Amino acid sequence: MAGVPSVIKTWQMVTPWGKNKETGEKIEGKLALAELPVPELKEGEALVEIAGCGVCHTDLGFFYDRVPTVNKPPLTLGHEISGTVVAGDKAWVGKEVVIPAVMPCRKCILCKTGRGNRCLAQLMPGNSLGNYGGFSSHIVVPTIDLCEIRNRGSYPLENFAVVADAVTTPYQASKRADLQPGDNCIVIGATGGVGVYMAQTAKALGAKTVIGMARNQEKLQRALGYGCDFVISTQDKTTKDISGELSAIRKANGLPNVGWKIFEVSGTKAGQDLALDLLSFTGKMIVVGFGMAKNEYMVSRLMAFDAEIIGTWGCLPEYYPIVLDMVQSKKIDIDPFVEVRPMSTIAATFDEIHKAGSPAKRVVLKPDF
C-alpha cells in the first residue's frame, strides 16, 4: 500500500464520439492522460488506491454513443472498482474494498423506502462523482458505502473489481424479480459480461431451471458449466425457431409454460424483442441490459397474460457483502471470466470491445501510471 499521492493520475474522456451539428463532420472521441488534485477529505470520506477497474458497456455508451453523463467531459470514466483505502477514516485505512457502482444519498424518499439503488441524488464513479472515476490511480468515495474484502488470500485484488457492477447488478435484478427457489428462468445474453453472472446468480439463489440464450455457440457451451441448465443459440434463428426449441426443452423436462422469469441482459434490440415475444402467462421480464433502440409491443398483452415488465438499476450497497460472500464461496465463480490488462491500453481496449462486442472475459484495467 502506497501513501497519499500529491495528485491523482487518470485517463479522462476529453471528448466523446459524435457529429458536429452544423457541419455534420465526425467528431473523434478522445481519451487523454491527466492529473487531478487530491481533494481535501471530509468526514466520512476515504481515498482509495485503485487496484483495478472493469470496462463496462456503460463506459462505451458514454464514449461512443453519446449517452449523456451527469458531469460533463472532461470526465474520468469507470465504475467497477476495487482497491485499498490509503487515507481518510482511520478505521478504514489499510482495508481492501469494493466500491459500489451507485452510492445513494440515504436521505430521499427512494432511499427511505428501499429503492436507494435508483436514488436520484446518487453518486456514481465515472458519471456523477465530480470528474473522478475508476480509470485512475486513486478515487475519493464515502466510507459508508464501502464493502470490505476479508480473507482475500492469494486472489488478485484487481479481479474483485467486477463485483462492483457485473456481479452485483444481477443480484439486484433477482431481487426485483422476486426470484424464489424453484423458479424457472431465461437469461437472454447469457454469455456477456453481466449475463455470465446473471445465470450463476439465478442458480445460486435456487432457480430450478436456467436457460441461457445468446448468439455464440462456443460461449453458450461454456455457460452450461456456470449456471445454465440448457442453452439455445439465437444465431440466424427466428423467434418461432427459438420458441420451438424452448417448447421442446419444456416438454422433455416436464417444465411449465407459465410463470417464467426472463432476464434480458444483452441490451440489444434483438434481445429485447425476443424477451417481449417470449413473455407469457404470469411471467416477468426484467430489463437488465441498456440499449438505445426502441421496441414495439402491444401493451395489452400484459393485461391478457397477467404479466410484468420490470426495470432494474445497479445494486443497493447493502447487498454487496452478500454477493461478495457468494463470490468468495464460489457459488458465483468469477475466475474464468476476468482478464487483467494495463490501464495504459484503455484506448485500444475500448476500440476492441466496441468493434467486436462482449469479449470472452470481462477486461479489468490495472493502473500502470
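Based on the mean of other Cβ atoms within 10 Å per residue, sort peptides 246-252, 91-97, 22-28 so the most packed one is first.
Values: 246-252: 13.6, 91-97: 16.6, 22-28: 9.1.
The peptides rank, most packed first, as 91-97, 246-252, 22-28.
May I ask what percent, to the nearest 5, of DSSP beta bridges between residues of the chain are antiparallel? Display every interim value, and only then the final one.
Details: 34 of 60 bridges.
Around 55 percent antiparallel, to the nearest 5.
Less than 17 Å apart at the alpha-carbon level, and either on another chain or at least 8 residues along: which lysines does that give for Lys251?
Lys208, Lys240
Give the peptides 122-132, 338-348, 220-230 in descending order of average Cβ contacts within 10 Å, highest first. Write out the running numbers ahead of the final one.
Numbers: 122-132: 21.5, 338-348: 16.2, 220-230: 19.3.
Taking the mean over residues of other Cβ atoms within 10 Å, the ranking is 122-132, 220-230, 338-348.
Tell me the trypsin sites (Lys or Arg not before Pro) within region 104-205 that lie in a loop according to DSSP and have at most 12 other beta-carbon atoms within 10 Å. Before the final figure, lay out the partial values.
Details: sites: Arg106, Lys107, Lys112, Arg115, Arg118, Arg150, Arg152, Lys175, Arg176, Lys203; in loops: Arg106, Lys107, Arg115, Arg150, Arg152.
Of the trypsin sites (Lys or Arg not before Pro), the ones in loops of region 104-205 whose Cβ has at most 12 other Cβ atoms within 10 Å are Lys107, Arg150.
Let me have the 222 nm mean residue ellipticity of the chain computed from DSSP H runs of 4+ only, each contributing -39500 (n - 2.57), with the sum over all residues rounded to the nearest 500. If you can, show how the numbers build up before the last one.
Values: 10 runs with 89 residues, N = 369.
Mean residue ellipticity at 222 nm (helix-derived): -7000 deg cm²/dmol.
Through the Karplus equation 6.51 cos²θ - 1.76 cosθ + 1.60, θ set to phi - 60°, convert the phi angles of region 329-346 into ³J(HN,Hα) values in whole Hz; use x for Gly and Pro.
These are the phi-based 3J(HN,Hα) values: 8, 6, 5, 10, 9, 9, 3, x, 10, 10, 10, 9, 10, x, 5, 5, 8, 4 Hz.
Among 289-297, 191-199, how do they line up from the highest to the lowest mean number of other beta-carbon atoms within 10 Å? Write out the running numbers ahead of the final one.
Numbers: 289-297: 12.3, 191-199: 29.9.
Peptide ranking by packing, descending: 191-199, 289-297.
State the answer as a single residue: which of Thr282, Val327, Pro104 lies farthest towards the positive end of the charge dipole of the chain, with beta carbon charges of +1 for Lys and Arg and -1 for Asp and Glu, about the Cα centre.
Checked the options; the winner is Thr282.
Which one, Thr76, Leu120, Pro170, is farthest towards the positive end of the dipole of region 76-174 when Lys and Arg carry +1 and Asp and Glu -1 on their Cβ?
Positive-most Cα among the choices belongs to Leu120.
On a straight-distance basis, which lysines could pair with Lys112 in a cross-link, Cα separation under 27 angstrom, same-chain partners fewer than 8 positions away excluded?
Cα-Cα hits under 27 Å: Lys42, Lys175, Lys284.
Can you give me the long-range amide H partners of Ile232? Hydrogens built in the peptide plane at 1.01 Å from N, cutoff under 5 Å, separation of 5 or more residues or another chain.
Distant-sequence amide H within range of Ile232: Gly212, Met213, Ala214.
With +1 on each Lys and Arg Cβ and -1 on each Asp and Glu Cβ, how big is the dipole of region 168-311 about its Cα centre, in debye rounded to the nearest 20? Don't skip to the answer; put the middle values down first.
Working: 16 positive and 13 negative charges, 37 e Å.
Dipole about the Cα centre, nearest 20: 180 debye.
If one takes the longest principal axis of the Cα atoms in the chain, at what angle in degrees, from 0 to 90 and to the nearest 10, does the Cα axis of helix 195-204 lie?
Helix 195-204 and the main axis of the chain meet at about 70 degrees.
Per Stokes-Einstein, at 25 °C and 0.890 mPa s, what whole-number D in µm² s⁻¹ belongs to region 168-311, with the Kirkwood radius over Cα pairs as the hydrodynamic radius? Before the final figure, lay out the partial values.
Values: Rh = 14.8 Å.
Translational D for this selection: 166 µm²/s.
Please state the charge dipole magnitude for the chain, taken about the Cα centre, from unit charges on C-beta atoms (+1 on K and R, -1 on D and E), reported in debye and rounded to the nearest 20. Each step should come with its number before you reach the end.
Working: 40 positive and 38 negative charges, 120 e Å.
Taking the Cα centre of the chain as origin, the dipole is about 580 debye.
Using alpha-carbon positions, what is the distance between the centroids of region 306-328 and region 1-46, in Å?
Taking the Cα centre of each part, region 306-328 and region 1-46 sit 29 Å apart.
Enumerate the lysines that Lys19 could reach by cross-link, defined here as Cα to Cα under 27 Å, with residues fewer than 8 away along the same chain left out.
Lys30, Lys72, Lys269, Lys294, Lys355
Each value in this text was obtained by applying a stated rule to the coordinates, not by laboratory testing. Remember, it's a predicted structure, so these values are computed and weren't measured experimentally. As a convention, Cβ positions derive from the backbone with ideal geometry for all residues, glycine included, and neighbour counts pool all protein chains shown.
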